[in-house]
Amino acid sequence: MAEAFRKKATPGKVPELVSGLAHDRPITDGVKLQVIDELCVGCSYCLMACKDDALIVEGLCEVIDENCTDCLRCLLWCPTGALVYS
Ligand code: SF4
Ligand code: SF4
């Protein structure tokens, strides 16, 4: 479902954070992507940006930790600051 939604709705090229020459995965241990429920408005922009099926948005956004590669594309697109990496 996420893939079909993404193909239909992705707003152009989605930027990525880069934290090294050979990879885009942040290096800091012990931090992960988290959602601040009070700030999430369920817009699904994050879902459109994620290439790894690591998000579910049903009212509020939830992160599927096992799938998340820490690329932080979703974080760049969230318009409310509801996604944090800490
Ligand atoms: S950090 Fe990357 S893999 Fe993880 S949920 Fe966000 S876009 Fe998907
Ligand atoms: S982009 Fe931000 S506000 Fe929108 S659903 Fe995702 S976490 Fe919530």
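The values are calculated or read from the model by the stated rules, or taken from the named source; none is laboratory data. What you see is a predicted model; the values in this text were computed from it and never measured. Here the Cβ is made from the backbone with ideal geometry for all residues, glycine too, and neighbour counts use every protein chain on show.
Restricting attention to segment 30-63, the residues that are assigned to a loop (DSSP other than H, G, I, E, B) and within 11 Å of ligand 1 (Cβ to nearest atom) add up to 6. Checked against the criterion of being modelled with pLDDT of 70 or more, closer than 13 Å to Leu72 by Cβ and within 10 Å of ligand 2 (Cβ to nearest atom), the candidates Cys61, Cys40, Cys46 yield just one match: Cys46. When segment 28-85 is limited to residues that are in contact (Cβ under 8 Å) with a residue 24 or more places away in the chain and among the polar types (S, T, N, Q), the one that is surrounded by the most Cβ atoms within 10 Å (Cβ to Cβ) turns out to be Ser44.
Within 8 Å of ligand 1 (Cβ to nearest atom), modelled with pLDDT of 95 or more and of a type in the set (A, V, I, L, M), is that true of Leu83? Against the criterion (within 8 Å of ligand 1 (Cβ to nearest atom), modelled with pLDDT of 95 or more and of a type in the set (A, V, I, L, M)), Leu83 qualifies.
A count restricted to segment 69-80 and to residues that are in a loop (DSSP other than H, G, I, E, B) and either of a type outside the set (Ser, Thr, Tyr) or within 12 Å of ligand 2 (Cβ to nearest atom) (or both) stands at 6.
Being within 14 Å of ligand 1 (Cβ to nearest atom), assigned to a loop (DSSP other than H, G, I, E, B) and modelled with pLDDT under 65 holds for only one residue in Glu16, Glu66, and it is Glu16.
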